[in-house]
Amino acid sequence: MPPVEIEQAREIVLSECALLPDEPVPLHEALGRVLSAPVHAAAPVAPFASSAMDGFAVRAQDTVSEDGPAALRLVGESRAGHPATVALGAGEAIAISTGAMIPDGADAVLRIERADADGDVVLAVEQVVMGEDTRGVGEDLQAGQLALPAGTALGPAELGVLASIGCATPRCVRPPRVSLLSTGDELRLVGESLARGTLYDSNAHSLAALLAIAGAEVVRRDHVGDDPAATLESLRTAVEGVDVAVICGGMSVGRHDHVRPGLRQLGVEERFSGVRMRPGRPTWFGTLEGGTLEGGTLEGEAADGLPARRTLVFGLPGNPVSALVSCALLAVPALRSLLGADPLRARSHATLATDWQTDAGRADVVPCRLLLRDDGWVAHPPKAQGSHRLSTLVGVNALALLPAGSGPMRAGDRVTVEILNGWIGWGG
Ligand code: AMP
Ligand code: MG
């Protein structure tokens, strides 16, 4: 199978993503979750008309006087949480605090600084108009109004809105269950000591973190050496009962790369093999239909009459930069799509800060740090190129996409960038 372009690879991946089932989630645990259905306000927000200021609830017409300030009679008080017990009549005033309910009969608020109060007499130093310094019922949301559409990722503002309409357990798409398998005889777990020719499994941590912030629940992590039989067994476990399996390393066709044959043996159907990009060319993608899964459907899902479960399998290159970049470009959109959220990151344009040597035959994906200057966004590529130099990714917040055939890029050239942060509002 010839390698595909990035956009084609994404289309193939997204075409295999079906929305996952949902579950009720307590509001205090819902940060970052994605709504499975639109949420409407059952009742108006705010539920009652209130005062925007400290002062006196009045009838606007009573503050109009030809000769000097109008005199009103103080007949009660409305405090936040303690509405007035009397209605307002002609020529009367009721002391009111910010946020307190407007008493029946009142149609405006006379601010405290526009009044002269002495005992039970309130002088309206200035006239007010109807509705002044009041907030109406449902000014934020009316009864029945759409508060949040399906697919909304819940950030601070969204959680606040749900609370404001009294939604204690929004229905959210359940997080995709993901397994992660690192392959390679040379890998050691962090905490172990390094023997000659070994190095630490960094992908297990960088990939798990990327998958988690994209909304996945990483349910299993494993490592296997470069042995065909052991690889087959680990792959069998990796694809079992998960929505997505991410395998890294061993994807090439060398003597010690056993992942592809293993996946084939398990019945994982290849959808593409290789993407015309740098880094990440060996990226592989396939699907395994639920019927072949040991353990079958997960609890609760069969009853919903959902189609057979499908496991998406990503084979990522082992090089740490390549692994993270291809995971961000292809596996993360899959997770967002399974969640019913917008799968693709926001795109924009930026000015390249330094020259960049492109690859002739494939698209370049350049991890960049985007910084805002007076004349706009500037993309700073890593100082050194190399898919093994993981530290060059520190601080990266965008991927510049340079199509194949862009030729050598120069400082000052405009490039397309995908912004890496911001699934949920307010900086998350
Ligand atoms: P592979 O894709 O298995 O041929 O590995 C390519 C390069 O990536 C080799 O230098 C590996 O040592 C390195 N590598 C593979 N997997 C990992 C990992 N999980 N963590 C860190 N480096 C890795
Ligand atoms: Mg390897």
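The values are calculated or read from the model by the stated rules, or taken from the named source; none is laboratory data. In this text, all values refer to a predicted model and were calculated from it rather than measured experimentally. A quick note on method: Cβ atoms are made from the backbone with ideal geometry, for glycine too, and the neighbour counts reach across all protein chains shown. Heavy atoms of the whole protein, side chains included, go into the accessibility calculation; ligands, DNA and RNA do not. Shrake-Rupley method; radii C 1.70, N 1.55, O 1.52, S 1.80 Å.
Observations, loosely collected:
- Test: GLY249 is within 16 Å of ligand 1 (Cβ to nearest atom), more than 30 Å from the chain's Cα centre (by Cα) and either buried (at least 16 other Cβ atoms within 10 Å of the Cβ) or under 28 Å from VAL365 (Cα atoms) (or both): no
- Subset of region 79-98 [among the charged types (D, E, K, R) and surrounded by fewer than 18 Cβ atoms within 10 Å (Cβ to Cβ)]: ARG79
- Residues that are surrounded by 16 or more Cβ atoms within 10 Å (Cβ to Cβ) and touching a Ser or Thr at 6+ places or on another chain (Cβ under 7 Å), drawn from region 381-399: PRO381, PRO382, SER387, LEU390
- Residue within region 30-45 that is without any contact (Cβ under 8 Å) to a residue 60 or more places away in the chain and open to solvent by 40 Å² or more (accessible area, probe 1.4 Å) present: no
- Subset of region 203-243 that is more than 23 Å from the chain's Cα centre (by Cα) and of a type in the set (Ser, Thr, Tyr) - its residue that is farthest from ligand 1 (Cβ to nearest atom): THR237
- Residue match in region 15-28 (condition: within 28 Å of VAL137 (Cα to Cα) and surrounded by 13 or more Cβ atoms within 10 Å (Cβ to Cβ)): yes
- Apart from one condition, GLY412 fits all of (1) open to solvent by less than 30 Å² (accessible area, probe 1.4 Å); (2) more than 21 Å from the chain's Cα centre (by Cα); (3) away from ligand 2 (no atom under 16 Å from the Cβ); the exception is (1).
- Subset of region 168-202 (residues that are assigned to a loop (DSSP other than H, G, I, E, B), crowded, with 20+ Cβ neighbours inside 10 Å and more than 9 Å from ligand 1 (Cβ to nearest atom)): PRO170, ARG174, PRO175, PRO176
- Some residue of region 68-78 being open to solvent by 50 Å² or more (accessible area, probe 1.4 Å) and within 30 Å of GLU158 (Cβ to Cβ): no
- Residue, nearest to LEU27 (Cα to Cα), within region 167-195, restricted to residues that are within 16 Å of ligand 2 (Cβ to nearest atom) and among the polar types (S, T, N, Q): SER182
- If the condition is being more than 9 Å from ligand 2 (Cβ to nearest atom), open to solvent by 10 Å² or more (accessible area, probe 1.4 Å) and either more than 21 Å from LEU330 (Cα to Cα) or touching a His at 6+ places or on another chain (Cβ under 9 Å) (or both), then region 254-268 contributes ARG255, HIS258, PRO261, GLN265, LEU266, GLY267.
- Of the residues making up region 279-293, one or more are open to solvent by 60 Å² or more (accessible area, probe 1.4 Å) and either under 30 Å from ASP364 (Cβ atoms) or modelled with pLDDT of 95 or more (or both).
- Among the residues of region 219-245, those identified as away from ligand 2 (no atom under 15 Å from the Cβ), of a type outside the set (Asp, Glu) and crowded, with 21+ Cβ neighbours inside 10 Å are ALA238, VAL239, VAL242, VAL244, ALA245.
- Cross-chain or 6+ apart pairs with Cβ under 9 Å, region 179-207 first and assigned by TED's automatic domain parsing to the domain that holds GLY280 and free of Cβ contacts under 8 Å to residues at least 24 places away in the same chain, then outside any loop (DSSP other than H, G, I, E, B) and acidic (Asp, Glu): THR198/GLU192; TYR200/GLU192
- Residue check for SER51: under 40 Å from the mean Cα position of the chain (by Cα) and at pLDDT 95 or above: yes
- Scanning region 338-380 for residues that are over 30 Å from LEU19 (Cα atoms), within 22 Å of the chain's Cα centre (by Cα) and open to solvent by 40 Å² or more (accessible area, probe 1.4 Å) returns HIS349, ARG369, LEU371.
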